[in-house]
Amino acid sequence: MTGAAGAEHEEQVELLRWGERERRDLPWRHTRDPWAVLVAEVMAQQTQVERVVPAWRDLLRRWPDPAAMASAPLSEVLGAWHGLGYPRRARHLWEAARRITELHDGRVPTEVAELLELPGIGPYTARAVRAFAHELDAAVVDTNVGRVLARRAGRRLTPREAQAAADDWLPAGRAWEWNQTLLDLGALRCRPRDPDCDGCPVARGCAWAAAGRPEPDPAAGSAGVSRRQARFEGSRRQARGRLLRAATAAPLPPQRWVEVAGWGDRPDAEVAVGEVARSLVADGLAALDPQGCLVPPD
């Protein structure tokens, strides 16, 4: 093997060797149960791994398979989700469990096309289930992998280009370890700020590193790479979480919405918090009872 193909092969070997030494020991990496993998991937979207680990274990103890979750009230699943943020993911997971139970005999599908038909499942999660549960060839692109791909190419990538680059780089028959390693490379070395190029096993093939890491960073705005989130304190996301948590515990009357949201110092508090409450109802995360109280969904 010579030329570009030989260099790419050496790069793959170096990355896999690095992974053997540096890959994080995460509990869902010790299972090939498709449901456990699916739950982990949905939970880990936009949530720090340290917060996901105990919640993942607890959720699987309560609902060890799709049928178990499908039979539970949505309010219970939402209650178990507290602290992870973005509760729409919990509703999507619950809906996916019902769909899997009804249409797939309780077994998580294997094919990407079938996985994409499940509520809340996008291209990354569908390919992650295929690669991590079934160890079938599928290249995943999340924010960490997207950052590595863009910097390696030395330019911003469209979604199609990023997926094609990931597919081309995937060594056949090594999907599980390759993808897990690439995810950790982005998380531990090819970080959003202050990347560790000296400790990167694939720095030799990185166009951005070779050019001296000029600005703008090609990862900024590239496909799959998430932007920095807005401040959480005082945000709509925080208010939604507070209202949802309170409504899960007991019916929450409109007179208490501003207080629970923590928006008492806002001049537009009543209007703004009303919009937040209605957004929870519109997303199917809460409902209004005949008295106008915010309550768990049916």
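A compact table of results
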{"item": "Among (1) modelled with pLDDT of 90 or more; (2) farther than 29 Å from TRP94 by Cβ, the one test that ALA287 misses", "result": "(2)"}
{"item": "Index of the failed condition, GLY274 passing every other in (1) free of Cβ contacts under 8 Å to residues at least 60 places away in the same chain; (2) small (Gly, Ala, Ser); (3) part of a loop (DSSP other than H, G, I, E, B)", "result": "(3)"}
{"item": "Residue list for segment 139-177, filter: in a loop (DSSP other than H, G, I, E, B), of a type in the set (A, V, I, L, M, F, W, C) and within 20 Å of HIS9 (Cβ to Cβ)", "result": "ALA139, LEU170, ALA172"}
{"item": "Residue match in segment 71-85 (condition: in contact with a helix residue (DSSP H, G or I) (Cβ under 7 Å, 6 or more places away or on another chain), of a type in the set (Asp, Glu), part of a helix (DSSP H, G or I) and surrounded by 14 or more Cβ atoms within 10 Å (Cβ to Cβ))", "result": "no"}
{"item": "Those residues of segment 20-34 which are part of a loop (DSSP other than H, G, I, E, B) and touching a His at 6+ places or on another chain (Cβ under 9 Å), in sequence order", "result": "ARG32"}
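The values are calculated or read from the model by the stated rules, or taken from the named source; none is laboratory data. Since the model is a prediction, treat every value here as computed from it, not as a measurement. Glycine gets a Cβ as well: all are built from the backbone with ideal geometry, and neighbour counts include every protein chain shown.
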